[in-house]
Ligand code: XMP
């Protein structure tokens, strides 16, 4: 990722997280930001000496990763990380590579250690201040194959497990620390406090990363980027695009044109809610484009999931282009891109990553219309976007809404989509969400929705035979949508929802619950 040295966060003291490809690297950033510390994650192979100097971190964290430090071509942190004179914390692979690079030894262990372990504190350290005491044992979460067997000069062991004598190490003089466990995951209960000790106590940051500061600084940045140009922003009804639009409007007022495209594939009440929020609550001008016939016409008879996504993406671009022409062209396209979309994953074999689903956004538009992107949320995680939404005064009901995908209900109707099916699904989905809200469960769930299956089954209602569609209910818990668990509803709740849907939505006579986690499933069905 090219470093944008003009980000508002550049004015804050910051931590550089060098990524070696761990599944949980993003959680390091999350834990730090929850503590008011600004940080950025950059892949190890991009964080060379010049980059590290330009970034000017107050501290460096080396993440975990799947590789072995014992290989010929093992990923390494640039040596500048250790000569810059700032504190360094190596986590798991990060500890191992630090040890290997500074003259210690690492070996492939006979047995790998995964999951919960107890570490015993064997020495005092600034890292443990006020959290862990010598001779006591504490639960942590481990995930490693290799282990450290001898330490570089200047390092001392400060904690051990039964199979890892160097579960935590420190060189207090140089402020270099290593932990074999993962402090960033919630399964290490004291992990956030240890990270806080590293950033605040050892690196000397004071936690000035607040949403109010971000808002002010981002507004200045948007003004500087846009000048007197025109910006166009598509609203999807989701939190991200709404927060981005409100923030940009605060920065540049009428230079912003918001477009809400009603594809005929929105949830019940979506269009009304978006239009009234923007026109009524914020007095932000909004073009409301009725494009149901256009979208459903293009989707007619198409049953391949990827084709459906591509058609929808392309049609969005057509509609946007038309709207931009109406306001005399736009120089910038605003998008609600979030940090998890930005972080490049590290590919160790150099091969291309697999496309599971081509996520819809108005991706082709900037090239076609020669527009630059305005992405004010690209440094934030979803919960930070929600916090920013609150800061900007968005109503709670809007801020807390479940995510909704760009292609809308089309990817919740496996197979070919038509208006009748979209209407059926919209009604059933509204009942399901209504019951979830009624039961007080909405905020516990990351995302809940109904899926209309292309399957009909026999039923009996009254004395009549029915031959109607099957509806699947989906609800998942997740922190970022990358992994998810199916929500464990009480059976009574599911029965109640099923009865209400079958009684009130003619055309559906059977309801099933999807209890697949992600992986191996995905959250959406297509
Ligand atoms: P999956 O189905 O990939 O979804 O497990 C993960 C999260 O992403 C949302 N999603 C999308 N969001 N455009 C979006 O803006 C898309 O094309 C898209 N596809 C999936 C999905 O709803 C879930 O929150």
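Just a few scattered comments:
- Residue in segment 443-451 that is closer than 21 Å to residue 339 by Cα and within 15 Å of the ligand (Cβ to nearest atom) present: yes
- Residue satisfying all of: in segment 500-519; under 28 Å from the mean Cα position of the chain (by Cα) and away from the ligand (no atom under 11 Å from the Cβ); nearest to residue 461 (Cα to Cα) among these: 513
- Checklist (1) modelled with pLDDT of 95 or more; (2) buried (at least 17 other Cβ atoms within 10 Å of the Cβ) applied to residue 407, failing item: (1)
- Check on residue 429, within 16 Å of the ligand (Cβ to nearest atom), more than 24 Å from the chain's Cα centre (by Cα), under 26 Å from residue 263 (Cα atoms) and in contact (Cβ under 8 Å) with a residue 40 or more places away in the chain: yes
- Residue count for segment 8-33 under the criterion of being touching a helix residue (DSSP H, G or I) at 6+ places or on another chain (Cβ under 7 Å), under 18 Å from residue 213 (Cβ atoms) and either modelled with pLDDT under 90 or surrounded by fewer than 17 Cβ atoms within 10 Å (Cβ to Cβ) (or both): the result is 3.
- Restricting segment 226-244 to residues that are more than 16 Å from the ligand (Cβ to nearest atom) and surrounded by fewer than 24 Cβ atoms within 10 Å (Cβ to Cβ) leaves a set whose member that is nearest to residue 254 (Cα to Cα) is 230.
- Near pairs, Cβ below 6 angstrom, 6+ apart or cross-chain, from segment 259-277 (surrounded by fewer than 18 Cβ atoms within 10 Å (Cβ to Cβ)) to any residue that is modelled with pLDDT under 90: none
- Any chance residue 237 is under 27 Å from the mean Cα position of the chain (by Cα) and modelled with pLDDT under 90: yes
- Segment 474-495, subset more than 15 Å from the ligand (Cβ to nearest atom) and touching a strand residue (DSSP E or B) at 6+ places or on another chain (Cβ under 8 Å), residue farthest from residue 380 (Cα to Cα): 494
- Restricting segment 232-255 to residues that are outside any helix (DSSP H, G or I) and in contact with a helix residue (DSSP H, G or I) (Cβ under 9 Å, 6 or more places away or on another chain), the residue that is farthest from residue 366 (Cα to Cα): 237
The values are calculated or read from the model by the stated rules, or taken from the named source; none is laboratory data. Note that the structure is a prediction, hence the values are computed from the model and not measured. Heads up, the Cβs are rebuilt from the backbone with ideal geometry, glycines too, and the neighbour counts pull from every protein chain shown.
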